[in-house]
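Visitor: Structure below; questions to follow.
The values are calculated or read from the model by the stated rules, or taken from the named source; none is laboratory data. None of the values given here were measured: they were computed from a predicted structure. Please note: Cβ atoms are built from the backbone with ideal geometry, for glycine as well, and neighbour counts cover all protein chains shown.
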Amino acid sequence: MKAPVEHFTRAASKQFGGRGICVTAVAPGPMDTSFFCGQESPDAVAYHKSAAALGGLTDIKDIAPLIEFLVTEGWWITGQTIFANGGYTTR
């Protein structure tokens, strides 16, 4: 996730919070898609698959429930960047 996106998320949450609008960024890391793998060399794909602490690239099936949560019960979460990437990046 790039820093400008994180800063925009925080600023937008402050700007729109008074209107009842929540702004949250989701940073899934490298996704297991044909777009990603088609753009990378075999060595790079192998690295990304091994870099996640839980093993493998992020799958959309792992991200969809998080998004569903954010738009339902997690509607009150705002100004945050959620790194849902299986440990690919640690903070």
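Visitor: Determine which single condition residue 82 fails, assuming it passes every other condition in (1) at pLDDT 85 or above; (2) in a loop (DSSP other than H, G, I, E, B); (3) surrounded by 10 or more Cβ atoms within 10 Å (Cβ to Cβ).
Guide: Checking residue 82 against (1) at pLDDT 85 or above; (2) in a loop (DSSP other than H, G, I, E, B); (3) surrounded by 10 or more Cβ atoms within 10 Å (Cβ to Cβ), the one that fails is (2).
Visitor: Report every pair of residues separated by at least 6 positions or lying on different chains whose Cβ atoms are under 9 Å apart, first residue within the range 26-52 and closer than 16 Å to residue 85 by Cα and of a type in the set (Asp, Glu), second assigned to a helix (DSSP H, G or I) and at pLDDT below 75.
Guide: Cβ pairs passing all conditions: 32/49.
Visitor: Sticking with this one: Quick check: anything in the range 32-50 surrounded by 12 or more Cβ atoms within 10 Å (Cβ to Cβ), at pLDDT 90 or above and part of a loop (DSSP other than H, G, I, E, B)?
Guide: Checked against the condition, which is being surrounded by 12 or more Cβ atoms within 10 Å (Cβ to Cβ), at pLDDT 90 or above and part of a loop (DSSP other than H, G, I, E, B), the range 32-50 yields no hits at all.
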